[in-house]
Amino acid sequence: MAAAATALALGGGLLLAAWRWLRGAARAAVAGAEASMRGKTVIITGANSGLGRAAAAELLRMQARVIMGCRDRARAERAAREIRAELGERGEAEEGGGELVVRELDLASLRSVRAFCHRVLQEEPRLDVLINNAGVFQCPYMKTEDGFEMQFGVNHLGHFLLTNLLLGLLKNSAPSRIVVVSSKLYKYGEINFEDLNSEISYNKSFCYSRSKLANILFARELARRLEGTGVTVNSLHPGIVRTNLGRYVNIPLLAKPLFNLVSWAFFKTPLEGAQTSIYLASSPDVEGVSGKYFGDCKEEELLPKAMDDLVARKLWDISEVMVGLLK
């Protein structure tokens, strides 16, 4: 029995390893098809870890000037040093090519968002790509500095204000791109205009899904408003990725070894999960494409509730008031 169990475990391990190798090879092929980003400036929110860090490293390798907008400046500086060292060790960063810049940005503070944008507008002559990547996932009920429910406040409202304040620079830099990282979990969300701030009831899973649905509706409405400007907007889901986004998810101690094995085998690495963000930020294949939703570097269909233009416009109008763009 013991020998059979050992053989089964070894066989399963080999199969899982082979699956991961094949999946990694496919991702590498996609990444290798991307064009140079030399001379282009990219802002990535939440770029010190997970998907954002992976995207920052790849776009830096492609010679972009990457601005890492991060809440924790010390962690961001450490991540930037690590990325530079990794690229240097592989010999992939060319002289005079990409550049990595760290800027403090707390999306849970509208004051911080405004300060970040003010500095960008003062210092940056152009902005070619904005990647709205940062997010909070299924946290306990808490509020932002401005009194918004944390997931809706960070995932939607913080990025809503950030994007609107940088629109002028993006238009002046056209053709330019906005990339909005959403999630497949949008399918379980609903936009409840009677309780956007979860004052009446709070469910952390539902509120995350609602914020991700809001991301897609925001991207859709923004794409409509930007028609003819040369600025494109697309949203995406990265799939299930091993990142620290799930730090608020409690896994029983006894189940952790199994969970770790399953996540290693079947979850994407941050680099794999970031491929669609990188693709939408850099690929000539999507030049001029706007208002679409992508997964695994391919356009995907949305549920009707994510294509409801009346809800999208109403959400836009209310969001403008919530972040102070309109009184």
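The values are calculated or read from the model by the stated rules, or taken from the named source; none is laboratory data. Just so we're clear, the structure is a prediction, and the values are computed from it rather than from any experiment. Cβ: placed from backbone, ideal geometry, glycine included. Neighbour counts: every protein chain shown. When the accessible area is computed, the model is the full protein with side chains, heavy atoms only, and any ligands, DNA or RNA have been set aside. Shrake-Rupley method; radii C 1.70, N 1.55, O 1.52, S 1.80 Å.
Step by step: first the residues of the stretch 283-297, then only those that are within 20 Å of M37 (Cα to Cα) and open to solvent by 10 Å² or more (accessible area, probe 1.4 Å), then the one that is nearest to the chain's Cα centre (by Cα). Which residue is that? So that I can check it myself, show each step before the final result.
First pass over the stretch 283-297, keeping only residues within 20 Å of M37 (Cα to Cα): 283-290, 297.
Narrowing the set further to residues that are open to solvent by 10 Å² or more (accessible area, probe 1.4 Å) leaves 284-285, 287-290, 297.
Values: P284: 20, D285: 20, E287: 20, G288: 20, V289: 19, S290: 17, C297: 14 Å.
Going through the qualifying residues, I end up with C297.
Residues checked against (1) modelled with pLDDT of 50 or more; (2) of a type outside the set (V, I, T); (3) under 24 Å from S205 (Cβ atoms):
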residue	(1), (2), (3)
I240	yes, no, yes
T243	yes, no, yes
L254	yes, yes, yes
V286	yes, no, no
V289	yes, no, no
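Quick one: which residue in V321, V289, V311 is touching a Phe, Trp or Tyr at 6+ places or on another chain (Cβ under 9 Å) and among the β-branched types (V, I, T)?
Values: V321 fails: touching a Phe, Trp or Tyr at 6+ places or on another chain (Cβ under 9 Å); V289 fails: touching a Phe, Trp or Tyr at 6+ places or on another chain (Cβ under 9 Å).
That would be V311, the only listed residue that is touching a Phe, Trp or Tyr at 6+ places or on another chain (Cβ under 9 Å) and among the β-branched types (V, I, T).
Within the stretch 34-79, track down each residue that is more than 13 Å from the chain's Cα centre (by Cα) and assigned to a loop (DSSP other than H, G, I, E, B).
E34, A35, S36, M37, R38, G39, K40, M62, Q63, A64, R71, D72
Residue check: is N172 farther than 22 Å from L303 by Cα and in contact with a Phe, Trp or Tyr (Cβ under 7 Å, 6 or more places away or on another chain)? It would help to see each step written out before you state the result.
Values: farther than 22 Å from L303 by Cα: yes; in contact with a Phe, Trp or Tyr (Cβ under 7 Å, 6 or more places away or on another chain): no.
No, not satisfied.
Yes or no: the stretch 157-177 includes at least one residue that is open to solvent by 10 Å² or more (accessible area, probe 1.4 Å) and assigned to a strand (DSSP E or B). If you could, list the steps in order and put the result at the bottom.
First, the residues of the stretch 157-177 that are open to solvent by 10 Å² or more (accessible area, probe 1.4 Å): 164-165, 167-169, 171-172, 174-175, 177.
Remaining after also requiring assigned to a strand (DSSP E or B): 177.
Within the stretch 157-177, one or more residues are open to solvent by 10 Å² or more (accessible area, probe 1.4 Å) and assigned to a strand (DSSP E or B).
Please indicate, with yes or no, whether at least one residue in the stretch 291-308 is at pLDDT below 95, of a type in the set (F, W, Y) and on the phi < 0 side of the Ramachandran plot.
no
Quickly run through the stretch 120-143 and pick out the residues that are surrounded by fewer than 21 Cβ atoms within 10 Å (Cβ to Cβ) and within 27 Å of S36 (Cβ to Cβ).
Within the stretch 120-143, L121, E123, E124, P125, R126 qualify.
Within the stretch 186-205, work out how many residues are in contact with a Ser or Thr (Cβ under 9 Å, 6 or more places away or on another chain) and either within 14 Å of T163 (Cα to Cα) or part of a helix (DSSP H, G or I) (or both).
3
Residue check, C70 against (1) of a type outside the set (D, E); (2) surrounded by 21 or more Cβ atoms within 10 Å (Cβ to Cβ); (3) under 18 Å from K40 (Cα atoms), all met but one. Which one?
Tallying (1) of a type outside the set (D, E); (2) surrounded by 21 or more Cβ atoms within 10 Å (Cβ to Cβ); (3) under 18 Å from K40 (Cα atoms), C70 fails exactly one: (3).
Does the stretch 134-143 contain at least one residue that is part of a strand (DSSP E or B), farther than 17 Å from G50 by Cβ and either modelled with pLDDT of 95 or more or more than 14 Å from the chain's Cα centre (by Cα) (or both)?
So in the stretch 134-143, the residues part of a strand (DSSP E or B) come out as 143.
Adding the requirement that they be farther than 17 Å from G50 by Cβ leaves 143.
Checking which are either modelled with pLDDT of 95 or more or more than 14 Å from the chain's Cα centre (by Cα) (or both) leaves us with 143.
So far as the stretch 134-143 goes, yes, one or more of its residues are part of a strand (DSSP E or B), farther than 17 Å from G50 by Cβ and either modelled with pLDDT of 95 or more or more than 14 Å from the chain's Cα centre (by Cα) (or both).
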